[in-house]
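The structure under discussion appears below in the form of structure tokens.
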């Protein structure tokens with residue numbers, strides 16, 4: 001049963017009031033994590049509910065080398081502080097932080113751990129919330145391939161960050177991602193994403209829900225698949241995206257972008273679920 005509060009939270013100057021934020025694949029503990037950008041993004045919103053949909057802490061990366069800069073600790077403290085100040089914060093562990101799954105049903109610092117969740121939006125539509133790794137055949141049955149792919153993806157993201165810096169210094173505007181380009185143009189990657197999305201939606205249909213909000217594949221999206229709404233939060237490694245629920249139930253995919261070296265970062269809407 002959905003227990004999310006209906007009242008709008010108080011918000012300060014230049015802060016947008018929203019009903020819910022959905023974030024996934026932050027990968028704290030990884031050198032690829034964009035913690036500074038996430039902290040800036042969180043300053044721009046006051047939400048009644050925050051749903052963390054897996055891979056928030058990257059235990060895989062930390063097992064290779066211990067990395068935990070101050071910004072990563074600040075992110076954790078930010079979520080804990082929000083939970084203490086009457087924001088409902090839920091964490092659904094993913095495969096990179098699967099060690100937390102044995103604590104499902106417990107609360108830590110007012111953050112509740114769940115295996116999955118059914119969220120009723122303000123317009124009455126019901127969405128399954130999950131990470132999504134259970135629909136990834138590689139992660140489920142060939143873990144070593146997944147770990148190897150994770151390391152390769154990290155290298156790709158590192159190269160992309162250097163390219164982005166060069167683009168900004170040259171005054172090239174707009175977001176462009178080498179990792180995203182590869183995922184959308186390499187045939188096998190395109191097939192994997194399509195199979196993942198179809199598998200998730202097929203399961204949601206069996207549950208009689210209106211749609212799903214998930215993460216895992218680092219590919220932000222809002223789309224209709226076989227009549228159901230599929231939403232993916234993206235990540236805070238490459239795309240810097242999140243799903244935002246407004247108080248009328250409208251769902252919006254936003255990207256946190258710094259257009260150039262001389263401007264402030266802003267949340268740019270890139271897709272939306274219209275009102276019913």
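The table below gives the values:
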read-out	value
The range 199-276 and the range 70-133: distance between their alpha carbon centers, rounded to Å	17 Å
Proxy reagent accessibility, fewest Cβ within 10 Å first, across 25, 226	226, 25
Per-residue Cβ neighbour rank within 10 angstrom, fewest leading, 24, 239, 48, 63	63, 48, 239, 24
Net length gained if the chain between residue 73 and residue 101 were fully extended (0.36 nm per residue, minus Cα distance)	8.0 nm
Gain upon complete extension [residue 17, residue 84; 0.36 nm per residue less C-alpha separation]	22.3 nm
Residue 247 paired with residue 226, simple spin-label distance in nm, labels 7 Å along Cα-to-beta-carbon	3.7 nm
Label-point gap, in nm, between residue 43 and residue 203 - each point 7 angstrom along Cα→Cβ	3.8 nm
Cβ-based exposure ranking for 15, 89, in which fewest neighbours within 10 Å come first	15, 89
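Computed from the coordinates by the stated procedures, all read-outs in this text should not be read as laboratory data. Model, not experiment: these values are computed from the prediction. Note that each Cβ is placed from the backbone with ideal geometry, even for glycine, and that neighbours are counted across all protein chains shown.
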